[in-house]
1. Can you tell me which condition A:Pro56 does not meet? The list is (1) away from chain B (no Cβ under 11 Å); (2) surrounded by 18 or more Cβ atoms within 10 Å (Cβ to Cβ), and all the others hold.
2. Which condition does B:Leu118 not pass, out of (1) within 14 Å of DNA strand D (Cβ to nearest atom); (2) in the same structural domain as B:Thr28 (by TED's automatic domain parsing), if it passes all the others?
3. Could you go through the range A:205-223 and let me know if any residue there is of a type in the set (Gly, Ala, Ser), within 22 Å of B:His143 (Cα to Cα) and within 13 Å of DNA strand D (Cβ to nearest atom).
4. Can you say whether A:Ser174 is more than 10 Å from DNA strand C (Cβ to nearest atom) and either within 14 Å of another protein chain (Cβ to nearest Cβ) or not acidic (Asp, Glu) (or both), as far as the supplied structure shows?
5. If A:Asp139 passes every condition in (1) closer than 23 Å to A:Asp9 by Cβ; (2) free of Cβ contacts under 8 Å to residues at least 12 places away in the same chain but one, which one does it miss?
6. Would you be able to say whether some residue in the range B:77-98 is under 29 Å from A:Tyr220 (Cβ atoms) and either at pLDDT below 90 or assigned by TED's automatic domain parsing to the domain that holds B:Ile49 (or both)?
7. Go through the range B:97-113 and give me each residue that's over 15 Å from B:Asp52 (Cβ atoms) and either within 7 Å of chain A (Cβ to nearest Cβ) or out of contact with any Asp or Glu (no Cβ under 8 Å at 6 or more places or on another chain) (or both).
8. Suppose we filter the range B:45-59 for residues that are within 23 Å of A:Ile122 (Cα to Cα) and out of contact with any Gly (no Cβ under 7 Å at 6 or more places or on another chain); how many remain?
Number of protein chains: 2
Amino acid sequence: MALIYIVEDDRTIRETESFALRDVGYRTVECSCAAEFYSRMEEQTPDLILLDIILPDEDGLSILSKIRLEQDTCRIPVIFVTGRVTELDVVKGLDMGADDYITKPFGVMELISRVKALIRRIGVIDENRYLISGQIYLDDERHTAYANKKHVELTYKEYELLRYLMVNKGIVLSRDSIMEKIWSCNYDASSRTLDAHIKSLRKKLGTEGNCIKTVRNVGYFLDGE
Amino acid sequence: MALIYIVEDDRTIRETESFALRDVGYRTVECSCAAEFYSRMEEQTPDLILLDIILPDEDGLSILSKIRLEQDTCRIPVIFVTGRVTELDVVKGLDMGADDYITKPFGVMELISRVKALIRRIGVIDENRYLISGQIYLDDERHTAYANKKHVELTYKEYELLRYLMVNKGIVLSRDSIMEKIWSCNYDASSRTLDAHIKSLRKKLGTEGNCIKTVRNVGYFLDGE
DNA sequence: AGTTCTTTTACAGCATTTATACACATATTT
DNA sequence: AAATATGTGTATAAATGCTGTAAAAGAACT
């Protein structure tokens, strides 16, 4: 199930959003300020972010631009949920790279529908449940994968690696960034650890294993659809 | 640039939308009714659809569900642009599979920003994502190139070299600076390494290869546009 | 202890890159 | 205008270095 970060200083609004989203099955993490949000981002990156613009410690627009700058986070969908309601505000928010812009006061049902629409569109997560790329499905709750509708047993590292590739489907991930993300260490050219995992992933995924492409001298990517 | 179909029976609104989108560089096709839309879809599928809900011959919601059923069209982003403004209408539209929902009367700037946001997210052949020079496209995310819309396999050095030429399109780059930048070493007149790479680039780029011009005694440059 | 997962090691295979040698083109000199 | 010098294009061969693979060693479970 998709994980959503809610960055909002008004407690009532934050809890309303969180409750509503949890009610339809999403996992949520509430952040009351930018600082809290950043520290949460260190631990784990979400599948979507709801962002208020006016926050006590930092402007939401500035937070967005930072998110978009980082290699690891730049693809995360962001929805502004804010009291700034003029057309110019909306345009500014969207043009900065937000995916949607909802103005307060908003209807909770509409919020949910917009979140669902975006998550559906990302194509990554389906029916709030699976991560999908072609014939590969990833079930976050069970921590297992399916390839061509058949269950595939993955070990922890294999799962993490595949998930990272899937979330960034179509984008080349450098060996550096993969090592950083999955092994939290720097890439050492003499180590064949990553290659070994790629190999076993390819093997276990069968025909779908061909979707994992090598980019010589750079890294790997998942060739989706 | 992305192609957008506008399905809207009100001529004024339709032309306003079309004009605004063309103004920022999109190509548009106007359809005043469902029938016209379907016949256009036979010819060509767009990158995005703006859909009114109330149309003379068929309901927009019904059109959407048909679009979503077809294999070829189900991934096309759809934005409802409509006068039905209650939260329930919005929720219904989004839950049926629309990507966004804009209510009339709408601001033209907001419309454009929402279209851009969606196209950015989808990653259609949106020119903003690529480094472009004439018919040569470079996709940093995939670390690949396209010449005349066709995919071209490039090796690491070839990619780096082409990218350097493209970033400095129209500017002559000395052999020295190219060697410095791509090989991080000084130019040695007796080495034919650079020439060899230029040759293979020209070959792989086909007709576009002619854009790489030699400046005797100095270096090379990319003749763009 | 046994099992499973992860990492290391060592090497084969091979794509890419570089070196070599020469043909060709363009500029300069006689 | 011919001869020469200099720089660039091309083909082929050789070298390099990255990735794939298999098997074994080391960790982390049960």
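1. It fails just one condition, (2).
2. Just one mismatch for B:Leu118, condition (1).
3. Taking every residue of the range A:205-223 in turn, at least one turns out to be of a type in the set (Gly, Ala, Ser), within 22 Å of B:His143 (Cα to Cα) and within 13 Å of DNA strand D (Cβ to nearest atom).
4. It is true that A:Ser174 is more than 10 Å from DNA strand C (Cβ to nearest atom) and either within 14 Å of another protein chain (Cβ to nearest Cβ) or not acidic (Asp, Glu) (or both).
5. For A:Asp139, the failing item is (1).
6. Going residue by residue through the range B:77-98, those that are under 29 Å from A:Tyr220 (Cβ atoms) are B:77.
Then drop every residue that is not either at pLDDT below 90 or assigned by TED's automatic domain parsing to the domain that holds B:Ile49 (or both), which leaves B:77.
Scanning the range B:77-98, I find at least one residue that is under 29 Å from A:Tyr220 (Cβ atoms) and either at pLDDT below 90 or assigned by TED's automatic domain parsing to the domain that holds B:Ile49 (or both), so the answer is yes.
7. Here is the first cut: in the range B:97-113, the residues over 15 Å from B:Asp52 (Cβ atoms) are B:97, B:99, B:107-110, B:112-113.
Residues satisfying the conditions are B:Gly97, B:Asp99, B:Gly107, B:Met109, B:Glu110, B:Ile112, B:Ser113.
8. The qualifying residues number 6.
The values are calculated or read from the model by the stated rules, or taken from the named source; none is laboratory data. Keep in mind that this is a model prediction, so the values were computed, not measured. In this analysis, Cβ positions are derived from the backbone assuming ideal geometry, glycine residues included, and neighbour counts consider all displayed protein chains.
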